[in-house]
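The values are calculated or read from the model by the stated rules, or taken from the named source; none is laboratory data. Values in this document were obtained by computation on a predicted structure and should not be read as measured data. Cβ: placed from backbone, ideal geometry, glycine included. Neighbour counts: every protein chain shown.
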Amino acid sequence: MSLAFPKHLLEIFDSVDQEKWGKKVKISDSNDVTEKVINGYILHTKLWYEKGDYQDYDLWESFREDFANWTTEIFNICDTKIRRDFINFLVQHGVYIPRNGGKIAENLSHLVQVDNYHEWTIKEVADSMKTSKHFYSRFNPKTKNRAIIY
């Protein structure tokens, strides 16, 4: 099932392959491994994650499944701004990616290969909250253990 192309992204409409919007990328097919197809797949997948309110372990697990076998080279094909926005989304929603000065594509392809979900330390959370506008995660001490009042 494919989500409609959102109005708030119309300014980058020409950056995606409309025919392949919402379809899985066949990384063995050179016709699929183009900037527009990769851009569209990443944007569409991010929309699913947002719609499903994915965070923390669920987001990490889904990311690893959705991008299995993707390499640094494939992530590098994506538009830099889209790639940067995607990695920031993952971090802001509880997927730990070290801020090590590495290339975004390298960090994303490494994350695909990591076998265990990283439990954030207090220092990692504090550092992330200093550099990000938002941190939607169970590790966020500002939202942790809040009672829900009905």
Margin query: What are the pairs with Cβ atoms under 6 angstrom where one residue, in region 47-71, is among the acidic types (Asp, Glu) and the other, located anywhere, is surrounded by fewer than 16 Cβ atoms within 10 Å (Cβ to Cβ)? Sequence gap at least six, or different chains.
Written below: Asp56/Arg138
Checklist line | Pick from region 1-25, criterion of a type in the set (Lys, Arg) and under 20 Å from Phe67 (Cα atoms), ranking: surrounded by the most Cβ atoms within 10 Å (Cβ to Cβ) | finding: Lys20
Note to self: Taking the criterion of being modelled with pLDDT under 95 and of a type in the set (Lys, Arg), would at least one residue in region 42-52 satisfy it?
What the structure shows: no
Margin query: If I ask for residues that are part of a helix (DSSP H, G or I), among the basic types (Lys, Arg) and at pLDDT 85 or above, which ones from region 6-25 would you list?
Written below: Lys20
Notebook entry, point to check: What pairs can you find where one residue is in region 110-124 and closer than 14 Å to Gly94 by Cα, the other is modelled with pLDDT of 95 or more and surrounded by fewer than 16 Cβ atoms within 10 Å (Cβ to Cβ), and their Cβ atoms are less than 7 Å apart, with a gap of 6+ or different chains?
Noted result: Tyr117/Tyr57
Item checked: Positions within region 99-119 being in a loop (DSSP other than H, G, I, E, B) and not β-branched (Val, Ile, Thr), in sequence order -> Arg99, Asn100, Gly101, Gly102, Lys103, Asp115, Asn116, Tyr117, His118, Glu119
Next item on the list: Could you please find all residues in region 110-124 being surrounded by 11 or more Cβ atoms within 10 Å (Cβ to Cβ) and under 29 Å from Asn76 (Cβ atoms)?
Entry: His110, Leu111, Val112, Gln113, Val114, Tyr117, His118, Trp120, Glu124
Check: On the given criteria, is Asp79 at positive phi, at pLDDT 95 or above and surrounded by 13 or more Cβ atoms within 10 Å (Cβ to Cβ)?
Finding: no
Notebook entry, point to check: If a residue has to be part of a loop (DSSP other than H, G, I, E, B), of a type in the set (S, T, N, Q) and surrounded by 11 or more Cβ atoms within 10 Å (Cβ to Cβ) to count, how many in region 26-50 make the cut?
Noted result: 1
